[in-house]
Each structure stands twice: as structure tokens, then as C-alpha cells.
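Notes follow once the structure below has been shown.
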Amino acid sequence: MQNPLANATQYITALATRFWQQNGALQTYLDFLLSEVDPMLSLQRYMAEVTRIIDETDDTKTFVLRPSSRWQGFQAGQYINIATEINGVTLRRNYSISSSPDAFKQHQLISITVKKIPGGRVSTHLHNHLNIGDTLAISPASGSFTLVKRENKKQSDKPLFIAAGSGITPVMSMLLNVKETSPAQDAALIYYVNSPQSLIFEAQLKALTGSLPNVSFIPHFTESEGYITSQQLQHDCPDLAERTIYLCGPQPFMESVTSHAKELGVADGRIHLESFGASSPVTRQSGTKGQVSFLNSGKSIQSQGDKTLLELAESAGLNPKYGCRSGICHECKCSKSSGQVLNTLTGELTPDDQTQIQACISIPVGDISIDSL
Amino acid sequence: MKTNILDTLTHQELDAFGHELDQLRQEVINDLGQRDADHIRNIIKKQRYSEVAGRALIHFSLNPLSWAVGVGLLSTAKILENMEIGHNVMHGQYDWMNDPALNSQTYEWDTVCDAESWRKTHNFEHHTYTNILGKDRDYGYAVLRLTDDEPWKPRHLFQFINYGVLSVFFQWGVGLHELETEKLRSGEVTWKDKLPFIKRFAKKAAKQVSKDYIVFPLLAGPMAPKVFLGNMLANLNRNLWTSTIIFCGHFTEDAQTFKEEECENESRGMWYYRQLLGSSNFTGSKWLHIMSGHLSYQIEHHMFPDIPAHRYPEMATKVQQLCEKYDIPYNTGSFGSQFKTVLARIARYSLPPKKTAPRSPAVGA
Ligand code: FES
């Protein structure tokens, strides 16, 4: 027979643990109180404090951040998702970390480098309103655009970094990582920018590549030289086919580099891409056809631009939740990860970055993808 | 007589009326921003501080007075959470903020009513079919007879007692609403059909009961009884308050009911019109409105359930102007006078209908 008191204590401890684990109860309060004292103390979110702001070019700034101590670190090439509030609306964007993993280990600092995009709400807001001492909510680092480790030492795995514009940010982190871990590494960087003025990290890149004997740095200026060609690529990097390519820049740029590289004999598996970046806002007409992808079920259906998302989901064989079918009850709420919809109640296009939409009153305009429905 | 309520305006008039309300809705939507985010965060802050202070006082009070203050603060916190925060967030009023803590589909509130169940019975059933007899199950909560359209039975003589019990245990009544006891009794649905709901309800209720009646009292050790009692009183206060607010919003004397046939193929204008006739407002101070979750503006809430509720006062001025323009009654009065008419209505329908003089609806009055 066990001591009944011990039993009771055990029971109470178990109960208390379960209670603590149930999200929404005590922790929410504790987190609220801690955040009231200092936002950095939050246990439910990772926060980061801005410690320095560096002007890189006319339209690019680097924000040095000190994440809260629970933040786990990152690998060179990874990105974080940052949340910023603009006029009451929380907007999220991914930004590659431009600093080195070592700098984080030593000083607990990371940095993101943000180019101001014309019409870009988040980048403009960060440029105009983010100050030293402010805090931001950040995510853990993620992304698989990282340096591939050599399995077989004999096999050459020379990286070729190809970046355009602000696509340099994850590459910067990787180059710093090369310097810290294997300074003798043979590597090359081809960097496309509009003009010499828009060369991000110019001084840093020159110093870095200058100090690494086996790293070459080839900048290109599209305003004077035009866009990338096969010949140019071949000329910049004659041993292209032996290299592993790390590519980051706007979508059309990456597409053309990929096709040139394949032409020159680079195997598919040797090209690594970072696929986010400046997506230019497109204004589409209502009645536009497109593909609707339901990511959680893997189904998709063609939209003619005349049926609501709820109707489309149903004809794709899904069983979405709904109630009034007229925009009142919000039972049909679903989360959209990309694309635009037309709100039939207001006749307006919802912005790309609005994630919560009512399926019963939303008509897809062009391609969209739905996270969960 | 009642079948004609919706016919007092022509179709053209109803369309124009609906159009003007849509416009008003759009104006406010276009204007949503920092002010609204600040409002809800400010209320949340006040709610959290009053809950923390209330619980601390209940635990550590050295005299009955500080204990009573603690109970008052905890009651306030529970009311704020249920009304201005929970109810409104779950209507989707703050979804545009993209803040996961204020998302209508994931928010869970501090009552035994499971949020999922609430969204179904309240957001869908009640807000879509407002005051349609047989479809809006909020109408009398299957407990009260509030119209002559429901046949009188001798048990209705005692419905004041039922009303009292419903108010005291209001959160349980709301929580069990989806059980549809009236349909179980008539055999329309079976207990087996209701099993998923019962499971969900039991889980939420157990969580709530263990929080207020087991965990917090135990944390106080030998002082457990006073914590138990304090939490019970806070829940009681919240129950009585929310029940009263909700009754004043729909069961005042002049709030109209509708028949299913009247609402077939309803236009948007007619839907607005029905929401308006079925709801009633009451006047009061800013804090009365906040403590009622702005359900003191029940009319505006029913027309614009997903617009942040603190916008209702400014919208109400325009709605009232429109009502004057179209000669539509706008049911409002002081809190006290509206509540009196609720009690009068419960009393009136305790008795069988008077054969001689059927009450005519107050349209245009
Ligand atoms: S089903 Fe009710 S809002 Fe969409």
C-alpha cells in the first residue's frame, strides 16, 4: 500500500502539469504578464530586438537583431518569418538571414537585409518605421537552401553562388560560413545587380572574397551589360558542370539561370534554389480563370472565375464546413496561402497577404492555393 | 397579422434600404485599422489585469471586503472575456488583423460552452435565422413561451421559475444548446446522433469545472472553500448578467418573430429588415456597452455581426436615420425599461392567449 498522501500529491502534480499544458489557461496569463514587463520575455513567441540598422544601398537596409535567448540558431542560407503590424493588420514575410552562424554563436546576433520594394507594404514599413530598440516577433529559422555537406571527401563539391539583387542575402551568410569553416574551399560568386549603386554588401563582399584565396567574385550590371546569357555563364565559370549551384533571386531570373545551366550540362540535382523573393503584385480582372489548389487534401480544381470557393471545393469532392452560405456566420472560414479572391459582398479583391477568407463569398481570381478548408 | 410584417415595405424600398446598409458596412470596413486593434487589445489588457487581481484578492484576502472586491474583479473579467472579447472575436470581427490570438476559428472562451458548438448554434443558426420560429433555436431556448404562435400549456404558468433557473445556469444552457433536447424528446434526433457533441461538451465542461472548482481552490490550500465560493459567485454574476443582456436584445415586448414561409428567397434587404425587427437595443454609458459586448446595440450587431462591435455606436446613428427615412421602427430604450418589457413579455405568455384581442405587431408605431 502506498502512502495516500504521496498518492494525492502525485495526483495533484499530474493534474497541475496537465493544466499547465493546456494551452490558453495559465500560460496565456503568464505570457501576458511577462510580455507586459518586457516583450522579449514572451514564452509563447520568439521575439527579437533591433540593435543596429545599417544602410547598405539607397534602398536596402540591414537590421541587426538580438533574438530572445530561447531562439535556437540557424544554418547559413536559412530564413526567418517576421511578423509586423501595419495599421492593425499583422503581415508576415520571410527574410533570409544575412549574417553568419558563428556571429550568432558568439554574440547572439543575426541580421536580415531588406530591400525596399516599390509598393511593398512590409519592406517599406520596415524601412520607414523600424527603429533601434523595437521588437519584432520572429519564427525559428527554416528552409533547406543550405550548403550541401560533402559525403565523400574525394568528390569535388565546389559551390557556385549565383544571386540577383537582394537574393544575395542567404549567399552572404553562406560565404561567411565558408570563410569560418573551410577557408580553402574553392567557390565562386556571380552577382547580378542593376548598376554599381545597387550592389548590396559591396565592401563586405570585396573584403571577404579578397581574403579567401580560392573564391572568385564576378559582379554584373544589367543596366550596362544586359541580362544573363549562356555564353556569359560559361565564360564566368568554365567548370560549371562540376559545381553545385546555389541560386537566389527573382523568379524569372532563377528560371533563366536554371535553363542556361542545364544547357551547359549541369545535372538537375546540383541546382539549389531559394524560391521566395520579390513577387510583384499583379492586379487581375474578375472572371479570371485559374487553378485552385487545396493543399491539405492535395486536390485541385480549375476555376472559371464564376463559382465561389465553397462551390469549387464541393465539386472537387471535398466536404468543407459551411453554414449560411451568404457571408454571415463565418463557418466557411479557410486560410489562403497565395493568390487573390473577389469578395462577392463587397465586390473587392482581397489583398494577396490576407490569409483568412470566407469560402462562400469568395471567387478565385487566377491561381490560388488554400491551406486548409 | 404577423405574416405581413415583412410586407410593409415594397421590394424596391427593401432593396434600396439593403443597399444603403451595405454601403454603411463597406465604409466601416474600409476604415478598420489601428484604432480597432488598439481597442480590443486595450480591453484584453484590462480583462487580464482584472482577472489576475481578482483571483489574487480571492486567494489572499484577509477580510470579507477585499474578498468581495476580488469577486467583483473576477466577475468583471469573466464578463469582459465572454462579451466584448470572446463573443465578438468568434464572430470574426477581428479576423482581418491576422492575429492568431484573435482568430474566430481558433478562439476558445472562458465558459462551459465549447467554441465550436457556439459557432454553429449561434453564428450560424441564430444569426442566419434570427427570430424565425422553428429555425432560430435561441428563441426562448426551448424553455420559454414568448409568442402566441407557440401553443399554451399549463406548465407555462410557471415559466418565471424556468426563466430564473435558466439565468442562474445560463452558461450551461448555452453550452448544452446544441443537444437540441426538444428534438430528442420528439424523437427527431437520437442520443447517438448527439454523441460527438456530448463528448466535446463534456471535455470543455470538465476543463472549466476543474479550473474554477478544483485547481484554483487547491492552490489556495486550507483557504480552498473561499476560493471555491468566490469563483462560484463570479460565474453566477456573469451568468445573470449575460442572460439579462441577451434577453434584452431579443425578447423585449416589441421584438418581432417570423414564420419560415415569410423568409423564403429572402433578399439581402429583407434579411437586414428582419434582423432589425427581431432585435432591440438599450441605451447607457460607454462601460455599460463594453460590459455587454456592445450587445446593447443588438440591432447593429445583428445587421453587421462581423464588424468590430465598438463601431456599433457610430453606425447606430446612421441606422436610425435610415429607419426614419424608411419609416421602420427602431426598438430602443433605457436598460431598465427594456428589461421591464422582457419581464412583462415572459409574464404575458405565461397565460393562454386572450381570444378577443390578438396583439397586433407594432410596425410603424
Ligand atoms: S457559410 Fe456562412 S459565412 Fe460562409
key: Selected residue [more than 16 Å from the ligand (Cβ to nearest atom) and crowded, with 18+ Cβ neighbours inside 10 Å] from B:ASP95, B:ASP148, B:ASP136, B:ASP114   = B:ASP114
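Looking at B:VAL89, B:VAL71 in this structure, which one is surrounded by 22 or more Cβ atoms within 10 Å (Cβ to Cβ), at negative phi, more than 9 Å from every other protein chain (Cβ to nearest Cβ) and in contact with a Phe, Trp or Tyr (Cβ under 7 Å, 6 or more places away or on another chain)?
Numbers: B:VAL71 fails: in contact with a Phe, Trp or Tyr (Cβ under 7 Å, 6 or more places away or on another chain).
From the options B:VAL89, B:VAL71, the qualifying one is B:VAL89.
Among the helices (runs of 4 or more DSSP H) contained in region B:276-343, which hold 1 or more residues that are out of contact with any helix residue (DSSP H, G or I) (no Cβ under 7 Å at 6 or more places or on another chain) and within 26 Å of B:THR76 (Cα to Cα)? Can you show your working first?
Working: elements: B:286-291, B:298-303, B:312-326.
Once the helices (runs of 4 or more DSSP H) in region B:276-343 are filtered for at least 1 residues that are out of contact with any helix residue (DSSP H, G or I) (no Cβ under 7 Å at 6 or more places or on another chain) and within 26 Å of B:THR76 (Cα to Cα), what remains is B:286-291, B:312-326.
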query = Which pairs do you get when a residue that is within 8 Å of chain B (Cβ to nearest Cβ), found in region A:318-338, comes within reach of a residue that is assigned to a strand (DSSP E or B) and within 6 Å of the ligand (Cβ to nearest atom), reach meaning Cβ atoms under 7 angstrom, with the pair 6+ apart or on two chains?
reply = A:HIS330/A:GLN358; A:LYS333/A:GLN358
Residue, farthest from the ligand (Cβ to nearest atom), within region A:309-344, restricted to residues that are aliphatic (A, V, I, L, M) and in contact with a Lys or Arg (Cβ under 8 Å, 6 or more places away or on another chain) = A:ALA316
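Considering only residues that are among the aliphatic types (A, V, I, L, M) and either at the interface with chain A (Cβ under 10 Å from one of its Cβ atoms) or over 20 Å from B:ASP212 (Cβ atoms) (or both), look in region B:92-120 and name the one that is nearest to the chain's Cα centre (by Cα). Let's see the steps before the verdict.
Of all residues in region B:92-120, those among the aliphatic types (A, V, I, L, M) come to B:97, B:101-102, B:112, B:115.
From what's left, either at the interface with chain A (Cβ under 10 Å from one of its Cβ atoms) or over 20 Å from B:ASP212 (Cβ atoms) (or both): B:97, B:101-102.
Values: B:MET97: 24, B:ALA101: 22, B:LEU102: 19 Å.
Step by step, filter region B:92-120, then rank; the result is B:LEU102.
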message = Just to check your reading of the model, which residue among B:ARG25, B:ARG41 is over 19 Å from the mean Cα position of the chain (by Cα), surrounded by 17 or more Cβ atoms within 10 Å (Cβ to Cβ), of a type outside the set (Phe, Trp, Tyr) and at the interface with chain A (Cβ under 10 Å from one of its Cβ atoms)?
response = B:ARG25
Residue under evaluation B:ASN123, criteria (1) within 9 Å of chain A (Cβ to nearest Cβ); (2) part of a loop (DSSP other than H, G, I, E, B), criterion not met = (2)
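Is there a residue in region B:250-269 that is of a type in the set (Phe, Trp, Tyr), surrounded by fewer than 22 Cβ atoms within 10 Å (Cβ to Cβ) and either part of a helix (DSSP H, G or I) or modelled with pLDDT under 95 (or both)? Reasoning before the result, please.
Just the residues of region B:250-269 that are of a type in the set (Phe, Trp, Tyr), to begin with: B:251, B:258.
Right, trim to surrounded by fewer than 22 Cβ atoms within 10 Å (Cβ to Cβ) and you get none.
So far as region B:250-269 goes, no, none of its residues is of a type in the set (Phe, Trp, Tyr), surrounded by fewer than 22 Cβ atoms within 10 Å (Cβ to Cβ) and either part of a helix (DSSP H, G or I) or modelled with pLDDT under 95 (or both).
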request  = For region A:78-101, indicate whether the set of residues that are more than 26 Å from B:GLY33 (Cα to Cα) and at pLDDT below 85 is non-empty.
outcome  = no
query = Only one of (1) more than 14 Å from chain B (Cβ to nearest Cβ); (2) more than 16 Å from the ligand (Cβ to nearest atom) fails for A:ASP352. Which number is that?
reply = (1)
remark   = Restricted to region B:174-210 and to residues being under 15 Å from B:VAL143 (Cα atoms) and in contact (Cβ under 8 Å) with a residue 40 or more places away in the chain, the residue nearest to the chain's Cα centre (by Cα) is B:VAL174
inquiry  = Residues that are buried (at least 17 other Cβ atoms within 10 Å of the Cβ), within 14 Å of the ligand (Cβ to nearest atom), at pLDDT 90 or above and within 23 Å of B:ASP22 (Cβ to Cβ): does region A:365-372 have at least one?
reply    = no
request  = Collect the residues in region A:106-146 that are of a type in the set (Gly, Ala, Ser), modelled with pLDDT of 95 or more and under 30 Å from A:THR244 (Cα atoms), keeping them in residue-number order.
outcome  = A:SER111, A:SER139, A:ALA141
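Consider B:ALA224 carefully, then state whether it is assigned to a helix (DSSP H, G or I) and over 21 Å from the mean Cα position of the chain (by Cα).
On the way: assigned to a helix (DSSP H, G or I): yes; over 21 Å from the mean Cα position of the chain (by Cα): yes.
Spelling it out, B:ALA224 is indeed assigned to a helix (DSSP H, G or I) and over 21 Å from the mean Cα position of the chain (by Cα).
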note = Of the residues in region B:284-313, those that are away from every other protein chain (no Cβ under 14 Å) and over 14 Å from the mean Cα position of the chain (by Cα) come to B:GLY284, B:SER285, B:LYS286, B:TRP287, B:LEU288, B:TYR312, B:PRO313
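Report yes if A:ALA261 is more than 15 Å from the ligand (Cβ to nearest atom), more than 14 Å from chain B (Cβ to nearest Cβ), in a helix (DSSP H, G or I) and crowded, with 21+ Cβ neighbours inside 10 Å, otherwise no. Reasoning before the result, please.
Values: more than 15 Å from the ligand (Cβ to nearest atom): yes; more than 14 Å from chain B (Cβ to nearest Cβ): yes; in a helix (DSSP H, G or I): yes; crowded, with 21+ Cβ neighbours inside 10 Å: yes.
In short, yes.
Go through region A:46-76 and report how many residues are of a type in the set (Lys, Arg) and crowded, with 18+ Cβ neighbours inside 10 Å. Talk me through it step by step, then tell me what you get.
Filtering region A:46-76 down to residues of a type in the set (Lys, Arg) leaves A:52, A:61, A:66, A:70.
With the extra rule that they be crowded, with 18+ Cβ neighbours inside 10 Å, the set shrinks to A:61, A:66.
Residues flagged as of a type in the set (Lys, Arg) and crowded, with 18+ Cβ neighbours inside 10 Å within region A:46-76 amount to 2.
The values are calculated or read from the model by the stated rules, or taken from the named source; none is laboratory data. Just so you know, these numbers come straight off a predicted model, no measurement behind them. Backbone-built Cβ (ideal geometry, glycine too); neighbour counts: all protein chains shown.
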